[in-house]
Amino acid sequence: MLTNEYLKRVYEGLEKRNANEPEFLQAVREVLESIQPVVEKHPEYEKAGLIERMVEPERIITFRVPWVDDQGKVQVNRGYRVQFNSAIGPYKGGLRFHPSVNQGILKFLGFEQIFKNSLTTLPMGGGKGGSDFDPHGKSDMEVMRFCQSFMTELYRHIGQFVDCPAGDIGVGGREVGYMFGQYKRLTNSFQGGMLTGKGLTFGGSLARTEATGYGLCYFTAEALKCMRNDSFEGKTVVISGSGNVAIYACEKATQLGAKVVTMSDSNGYVYDPNGIDLAYVKDLKEVRRGRIKEYAETHKDATYVADCSKVWTVPCDIALPCATQNEINKESAEALVKGGCTVVCEGANMPSTPEAIEVYLSNGILYGPAKASNAGGVATSGLEMSQNSERLSWSFEEVDAKLKGIMEGIFHASYDASVAAGSEGNLMVGANCAGFLKVAAAMMAQGITY
């Protein structure tokens, strides 16, 4: 609840101006509620209008993206880039291609990215972008033509010292490759660090594909060890999603001794009591681009349920939501508690509603918020930028070790900040406070920029 008068006033003004952007308002309110103890210790923030500046993007670019489909028909989509905050480094954040993309969704993602990037300790600001284009069902040539048109406008607003996008939902190695090729062509330059998630033959980083899912498990394992004297060993894990994050969270959780029993897509989920056959899922999703229901058709003990929201009714010890925002509501959170779940760590961006988070906290669930637990992807993007700057390529083991160290560091920074804020063990409060303080210090040091 917002009790600080300064923060309440800022939020009320923001609410009036952004009434049609509920996800953005949800993300801002969570941060403002968490940082109240910090703001009360720093009256100078109000005098400098710090929070007012922090909740407004520095720049939003909106543009049309015309492209030609395989039938020769002209299609038009809308493209965006939200450049939210560059206090600690160039804007950094993914590009999302999905029909649900709009300005409010990208503002929420860009705002979250500010604090997530701050927690990694790497010099990266916060941004996000994308389009309402849907790559599903499109041919490679259609995706290429769209990506080239998208980059033809975006290229003038990005660069390795300005704004460094990466992939997100709907934007994988194929899409990044097409966009990088067009950027190179338009600028007559090879700026490896301006786009991350690239292929290994042209400046990509080993372990980048695995990074968000692996990082989620490294964070969860450290939290389990330090807060519960426990581990993944012998635990039953429920995972939502079947994209990049979910696949590699499943892989790492299994390596750490757990049994993952579910995966899902937007149509439904599969439950396999024997543990998910990850090799099959990788082929299904990364090669054939199929639907998760095909899993149940080829695995005799597996069952498919045509309602992805019911995945949280499956009994488990640990839940790792890796699909999309607000996928767990109050009812789903209560189903998790009823099913014996004691740990929820987030692989997707803001997958839990405020009501769901209240259920976690009131039932003593160990809760790892997305801006802390899913920071592995952007952390490894930062490591990819470092390799590009050095003109070097690190081994998988080197990158993985750095990723593990960063994720463990994020847990400890969040935990320590929760103690300082008077909410020991509340990692949501801790992550928000730790991420905020670094950005606030940089903004204060740089003065009021006109």
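Just so you know, all these numbers are worked out from the coordinates, no wet-lab data involved. Keep in mind that what you see is a predicted model, and the values were worked out from it rather than measured. Here Cβ is always computed from backbone atoms with ideal geometry, including for glycine, and neighbour counts include all displayed protein chains.
Considering only Thr152, Asn426, Ala19, and ranking their Cα positions along the charge dipole of the chain that arises from unit charges at the beta-carbon of Lys, Arg, Asp and Glu, the one farthest toward the positive end is Thr152. For the range 211-368, the relative contact order works out to 21 percent when only alpha carbon pairs closer than 8 Å and six or more residues apart are counted.
State, as an integer percentage, the relative contact order of the chain based on alpha-carbon contacts under 8 Å between residues 6 or more apart.
On the way: 931 pairs, mean separation 68.8, N = 450.
Relative contact order of the chain: 15 percent.
3J(HN,Hα) along the range 147-156, derived from phi through the Karplus expression 6.51 cos²θ - 1.76 cosθ + 1.60 where θ = phi - 60°, amounts to 4, 5, 5, 4, 6, 4, 8, 5, 4, 6 Hz, with x in place of Gly and Pro. Per the Kirkwood formula applied to alpha carbons, the range 153-300 shows a radius of gyration over Rh ratio, Rg over Rh, of 1.06.
A cut-off under 11 angstrom between Cβ atoms defines the neighbours of Val281, and their net charge, with Lys, Arg +1 and Asp, Glu -1, is -4.
Amide H contacts for Asp230 (H built 1.01 Å from N in the peptide plane; partners 5 or more residues away or on another chain; cut-off under 5 Å): Lys225.
The Cα-based radius of gyration and maximum Cα-Cα distance (Dmax) for the range 324-414 are 16.5, 52 Å.
Any idea what diffusion coefficient the range 211-368 gets from Stokes-Einstein, in µm²/s, Kirkwood Rh on alpha carbon pairs, 20 °C, 1.002 mPa s? Rounded to a whole number, D works out at 142 µm²/s.
Taking a ≥ b ≥ c as the square roots of the eigenvalues of the Cα gyration tensor of the chain, is the shape rounded (a/c under 1.5), prolate (a/b larger than b/c) or oblate? It is rounded, given that a/c, with a ≥ b ≥ c, falls under 1.5. Coupling constants for the range 160-173 follow from the phi torsions by the Karplus curve (6.51 cos²θ - 1.76 cosθ + 1.60, θ = phi - 60°), and in residue order they are 5, 10, 10, 7, 10, x, 9, x, 7, 4, x, 10, x, x Hz; glycine and proline get x. Taking amide H atoms as placed 1.01 Å from N in the peptide plane, the amide H of Gly93 lies under 5 Å from those of Gly127, Cys164, Ala166, each 5 or more residues away in sequence or on another chain.
Adding -39500 (n - 2.57) for every DSSP H run of four residues or longer, then dividing by how many residues the chain holds, sets the calculated 222 nm ellipticity at -14000 deg cm²/dmol. Dipole check for the range 285-393: with +1 at the C-beta of Lys and Arg, -1 at the C-beta of Asp and Glu, and the Cα centre as origin, the magnitude is about 300 Debye. Amide H to amide H distances under 5 Å link Gly368 with Val344, Cys345, Glu346, where only residues 5 or more positions off or on other chains count and H is placed in the peptide plane. What is the log10 of I(q)/I(0) for the range 59-190, computed with the Debye formula using one identical point scatterer on each Cα and no solvent, at q = 0.17 Å⁻¹? Listed by q, the Debye log ratios stand at -0.84.
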